[in-house]
Amino acid sequence: MIFFTLCTCRLEGKVALITGAASGIGECTAKLFAEHGSKIVIADIQEQLGQAVCEAIGSSNAIYVHCDVTNEEDVKNAVDVAVATYGKLDIMFCNAGIADPNKPRIVDNEKADFERVLSINVTGVFLSMKHAARVMVPAKSGSIISTASLASNIGGAASHAYCCAKHAVAGLTKNLAVELGQFGIRVNCLSPYAMVTPLATSFVELEGEALENVMNSRANLKGVTLKTNDVAKAALFLVSDEAKYISGQNLFIDGGLSIVNPSFNMFNYPENA
């Protein structure tokens, strides 16, 4: 029993700051990290939801900080609060993100919507990485992860703005992993397929099981439904010591969807197989 307890606390003594942690993937990851012994800083603009996540985790293990990731002072403050409260920052999860209105034709896309997506999904990630590095470099340790997407590798899976932004996150991840490797700091990102989150339900305009059914019908890996907890577990792996030599990687949580062109239909079995 003692051995089991030690093994399950994979982040004991760690401090994690998670942007966009008031809902969706961020909320699920915050709770999982806390279960594994980490102190959590919830950085979000949704104050009521953020405070609710803190209460669910426990006030002794989590704090909420208002943070608009497009505002550098907000991001700087969130990092400074983490260090002032818990003494250090071990993990930065750049997770905050939005989707623009679902308009397939580029001629229907608005410049303001495009710029807003890039401001939050790219500039927000850049600022989060920048201020995490500011405190991690002197400490010569740390792990930075970001939420990318299936759309970071293939076209036709999301809007023009979202696809562009997630490609940029993957590029930032590679560049920063090269820069910060000399300080023992690892940088990676996660690229999940669609699942039930506020972002996905807003973009697809379906909720719950209806959204899952559509995504499952288009998935490569059958018989499994992607949940936010699956992404949280992947994040846990990447920031834990189990991944101590993994850096600069884009981990796809997509059931193999991004590696196949289904139009070839090469491996279709007969229905009665």
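Scanning the stretch 232-252 for residues that are part of a loop (DSSP other than H, G, I, E, B) and in contact with a strand residue (DSSP E or B) (Cβ under 7 Å, 6 or more places away or on another chain), we see that the one that is surrounded by the most Cβ atoms within 10 Å (Cβ to Cβ) is SER247. Would you confirm whether any residue within the stretch 146-157 is assigned to a helix (DSSP H, G or I), surrounded by fewer than 16 Cβ atoms within 10 Å (Cβ to Cβ) and touching a residue at least 40 places away in the same chain (Cβ under 8 Å)? Among the residues of the stretch 146-157, not one is assigned to a helix (DSSP H, G or I), surrounded by fewer than 16 Cβ atoms within 10 Å (Cβ to Cβ) and touching a residue at least 40 places away in the same chain (Cβ under 8 Å), which makes the answer no.
Taking first residues from the stretch 249-273 that are under 21 Å from PHE237 (Cα atoms) and partners that are surrounded by fewer than 10 Cβ atoms within 10 Å (Cβ to Cβ) and modelled with pLDDT under 95, no Cβ contact under 7 Å between residues at least 6 apart in sequence or on separate chains turns up.
Scanning the stretch 91-111 for residues that are out of contact with any Phe, Trp or Tyr (no Cβ under 6 Å at 6 or more places or on another chain) and farther than 20 Å from GLU72 by Cα yields a count of 11. For the residues VAL178, VAL196, the requirement of being touching a residue at least 24 places away in the same chain (Cβ under 8 Å), assigned to a loop (DSSP other than H, G, I, E, B) and of a type outside the set (Lys, Arg) singles out VAL196. Going by what's in this entry, would VAL169 be described as over 15 Å from the mean Cα position of the chain (by Cα), of a type in the set (Val, Ile, Thr) and modelled with pLDDT of 95 or more? No.
Pull up the stretch 258-269, narrow it to residues that are among the hydrophobic types (A, V, I, L, M, F, W, C) and over 30 Å from LEU180 (Cβ atoms), then point me to the one that is surrounded by the most Cβ atoms within 10 Å (Cβ to Cβ). Only one residue fits best here, namely VAL260. Screening the stretch 196-215 for residues that are at pLDDT below 85, farther than 18 Å from VAL117 by Cβ and not acidic (Asp, Glu) and picking the one that is surrounded by the most Cβ atoms within 10 Å (Cβ to Cβ) gives VAL196. The sole residue among GLY255, GLY223 that is at positive phi, part of a loop (DSSP other than H, G, I, E, B) and exposed (fewer than 14 other Cβ atoms within 10 Å of the Cβ) is GLY223. Of all the numbered requirements in (1) at pLDDT below 95; (2) touching a strand residue (DSSP E or B) at 6+ places or on another chain (Cβ under 6 Å), PHE3 misses one, and that requirement is (2).
In the stretch 162-175, the residues that are more than 10 Å from ASN121 (Cα to Cα) and hydrophobic (A, V, I, L, M, F, W, C) form Cβ pairs under 6 Å with partners that are assigned to a helix (DSSP H, G or I) and at pLDDT 95 or above, at six or more places apart or across chains, as follows: CYS163/ALA151; ALA170/SER152. Any residue at all in the stretch 224-233 that is charged (D, E, K, R) and either over 16 Å from the mean Cα position of the chain (by Cα) or over 19 Å from THR197 (Cβ atoms) (or both)? Checked against the condition, which is being charged (D, E, K, R) and either over 16 Å from the mean Cα position of the chain (by Cα) or over 19 Å from THR197 (Cβ atoms) (or both), the stretch 224-233 yields no hits at all. Only one of the numbered conditions (1) modelled with pLDDT under 95; (2) closer than 23 Å to LYS233 by Cβ is violated by ASN188, and that is (1). Scanning the stretch 244-272 for residues that are in contact with a helix residue (DSSP H, G or I) (Cβ under 6 Å, 6 or more places away or on another chain) and either over 23 Å from ALA168 (Cα atoms) or hydroxyl-bearing (Ser, Thr, Tyr) (or both) returns SER247, SER258. Looking across the stretch 8-26 at every residue that is charged (D, E, K, R) and in contact (Cβ under 8 Å) with a residue 40 or more places away in the chain, the one that is nearest to GLU55 (Cα to Cα) is identified as LYS14.
The values are calculated or read from the model by the stated rules, or taken from the named source; none is laboratory data. Source: prediction; values computed, not measured. Backbone-built Cβ (ideal geometry, glycine too); neighbour counts: all protein chains shown.
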